[in-house]
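Notes to accompany the following structure.
The values are calculated or read from the model by the stated rules, or taken from the named source; none is laboratory data. Just so it is clear, the structure is predicted and the values come from calculations on it, not from any experiment. So basically every Cβ, Gly included, is an ideal-geometry build from the backbone, and we count neighbours across all protein chains shown.
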Amino acid sequence: MNDMISYLKDFREEVPTWLSNYLQGGKLSFKDLMSSRVAYYPGYYQRCYCDGTLIKVGNKSLSVHSFLYVDNIKRKELEEQIAKEDSFSGYHLVGQIEWQEADIMPSGRHQILKTNNQETPYCFSMIMERDADKDDSWGAEHFVVTLFCGSYIEVYYRLFTKEYLKAPWIFLLNEGVKGDCFAQYIQSQHNYPQFVIFDKNANIWEGYNKVEDVTPVFGRFRRRHDLYVYSPSF
């Protein structure tokens, strides 16, 4: 049996040039973040920002370097959680970029930063660099996590299906995500992630099969997550 991280190391991605060349305090474009593999964590009830499962698996396997977390949470509460949890052990922040509507959706065809009754929307990216005393066994030299206040379904639909015409490479499907409703969005454009880290209490989507001989990972609250791959039968 392989553990999930070891299995995904067979899909290793080199650190993208736009990230490896990043200098402290520098700039990126949102297109850069979307140009290579993306890992997507859809959140609900302000919970996803406390769960590092997706970053742990993707970063330690060196298979993906751009992580997108979406949830509805006040900016102040989010920043307090990040500080309290010591979320990025072994890494330090080298840049933080605030994104505006025109940065994220340059075509102007769709609006994605929408005000709701609870929170002014925001989207920002944190560029993380590995500490000097760590090596690849700890994780990639650099990765970036983008934190988005919004509806996980709407962000997926507008960002991936409409604006950038791609799917996340890997996706964490948890027990709070409405799988049937979400499936309707991605099925409409056949916009399926290659891999899904699947919470056993959710409903796996049609076309996904469990990767055999791979042990699960246990996320927040010791919840079991198995790895599934998109392999529809025709």
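Do you know which residues across the stretch 113-164 are β-branched (Val, Ile, Thr) and more than 23 Å from residue 17 (Cβ to Cβ)? If you could, list the steps in order and put the result at the bottom.
Taking the stretch 113-164 as the starting set, the residues that turn out to be β-branched (Val, Ile, Thr) are 115, 120, 127, 144-146, 153, 155, 161.
Those that are β-branched (Val, Ile, Thr) and more than 23 Å from residue 17 (Cβ to Cβ): 115, 120, 153, 155, 161.
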For this session: Out of the residues in the stretch 141-174 that are among the polar types (S, T, N, Q) and outside any helix (DSSP H, G or I), state the one that is nearest to the chain's Cα centre (by Cα).
Result: 146
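Conditions tested, residue by residue: (1) surrounded by 14 or more Cβ atoms within 10 Å (Cβ to Cβ); (2) within 30 Å of residue 189 (Cα to Cα); (3) charged (D, E, K, R).
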| residue | (1), (2), (3) |
| --- | --- |
| 96 | no, no, no |
| 122 | yes, yes, no |
| 132 | no, no, no |
| 163 | yes, yes, yes |
| 166 | yes, yes, yes |
For this session: Would you mention how many residues in the stretch 65-91 are part of a helix (DSSP H, G or I), in contact (Cβ under 8 Å) with a residue 60 or more places away in the chain and more than 12 Å from residue 122 (Cβ to Cβ)?
Result: 0
Exercise. Which of the residues spanning the stretch 35-64 are over 10 Å from the mean Cα position of the chain (by Cα), under 12 Å from residue 168 (Cα atoms) and either modelled with pLDDT of 95 or more or assigned to a loop (DSSP other than H, G, I, E, B) (or both)?
Worked result: 36
Exercise. Can we say residue 94 is farther than 27 Å from residue 222 by Cβ and either part of a loop (DSSP other than H, G, I, E, B) or not aliphatic (A, V, I, L, M) (or both)?
Worked result: no
Exercise. Of all residues in the stretch 113-135, how many are modelled with pLDDT of 95 or more and in a loop (DSSP other than H, G, I, E, B)?
Worked result: 5
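Hey, any hits in the stretch 66-86 for a residue that's at pLDDT 95 or above, among the hydrophobic types (A, V, I, L, M, F, W, C) and surrounded by 12 or more Cβ atoms within 10 Å (Cβ to Cβ)? Let's see the steps before the verdict.
If we filter the stretch 66-86 for residues that are at pLDDT 95 or above, which is where we start, we get 66-68.
Filter again for among the hydrophobic types (A, V, I, L, M, F, W, C), leaving 67-68.
From what is left, the residues that are surrounded by 12 or more Cβ atoms within 10 Å (Cβ to Cβ) are 67-68.
Yes, that holds for at least one residue.
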